Amino acid sequence: MSVSENNPWRTLSSTPIYDNPWISVTEHQVIKPSGGEGIYGVVHFKNRAIGVLPLDKEGYTWLVGQYRYTLSSYSWEIPEGGGRLDEEPLAAAQRELKEETGMEADEWREILRMHLSNSVTDEIAIVYLARGLRMGTAQPEDTEQLQVRRVPFEEAYRMVCAGEITDAISVAAILRVKLMLQSGDL
């Protein structure tokens, strides 16, 4: 059975519901693919999500721990943050790595792009692998109270498999690097 890749949705009207410096929410009155009327809420992100998986020559990576307000729980993640849409993604990745861990890297490789929750948001994430690491002093933002841990990469992979790391960017990055290591692509 073949399904058309054309847009089966029709927008009747759009109403801005909420706006702040980071997101906007719009409610759309729509005709659904089935032909019936409905609503669709879309969260538009005003920044890109940027992630960095630092990996040293000994096979260690760095995880950043912080309390996530939206989840009401603590979360272990790779270094990540927002990059303005008018900013080069690599420059944002370099800034985030230095900001959260104090590290700088000599080698950068984009390893994936992904939509984080494409049923309700247009947010895109770009993730880099950073190698050739040099330590420095972290400079977290005032919204961040971070704990930084150096762990064997295999421990980070185990944490993903055990459900101890649940952040989507972190899970995808760690699984991607695991596949790259297994295939000899690193």
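Here is how the number arises for the chain: DSSP H runs of 4 or more residues each give -39500 (n - 2.57), the sum is divided by the residue count, and the result at 222 nm is -6500 deg cm²/dmol. Considering only Gly83, Ala105, Val127, the residue lying farthest towards the positive end of the dipole of segment 82-150 is Ala105, judged by Cα position with unit charges set on Cβ. Summing Cβ point charges (Lys, Arg +1; Asp, Glu -1) relative to the Cα centre of the chain gives a dipole of roughly 360 debye. A simple charge model with +1 on the Cβ of Lys and Arg, -1 on the Cβ of Asp and Glu and nothing else charged puts the dipole of segment 1-83 at about 140 debye relative to its Cα centre.
Rounded, prolate or oblate: which fits segment 48-167, taking a ≥ b ≥ c as square roots of the Cα gyration tensor eigenvalues, rounded meaning a/c under 1.5, else prolate when a/b beats b/c? Kindly include the intermediate steps, with their values, before the conclusion.
Working: a/c = 1.31, a/b = 1.09, b/c = 1.20.
It comes out rounded by the Cα gyration axes.
Note on Ser24/Tyr74: beta-carbon distance plugged into 1/(1 + (r/R0)^6) with R0 of 35 Å gives a FRET efficiency of 0.75.
Find the lysine pairs in the chain meeting two conditions, Cα atoms under 28 Å apart and a separation of 8 or more places or different chains, and report how many there are.
Numbers: Lys32/Lys46; Lys46/Lys98; Lys57/Lys98; Lys57/Lys178; Lys98/Lys178.
Taking the Cα cut-off of 28 Å, the pair count is 5.
GNM on the chain, alpha-carbon springs under 10 angstrom: the most fluctuating residue among Ile126, Ile50, Ile111 is Ile111. Farthest toward the positive end of the dipole of segment 47-183, out of Ser183, His115, Gln139, is the Cα of Ser183, where the dipole comes from beta carbon charges about the Cα centre.
Quick one: work out the % antiparallel among DSSP beta bridges in the chain, nearest 5.
Values: 44 of 51 bridges.
Antiparallel bridges: around 85 percent, rounded to the nearest 5.
Bear in mind these aren't lab numbers, they're just calculated from the coordinates by the rules spelled out. What you see is a predicted model; the values in this text were computed from it and never measured. Heads up, the Cβs are rebuilt from the backbone with ideal geometry, glycines too, and the neighbour counts pull from every protein chain shown.
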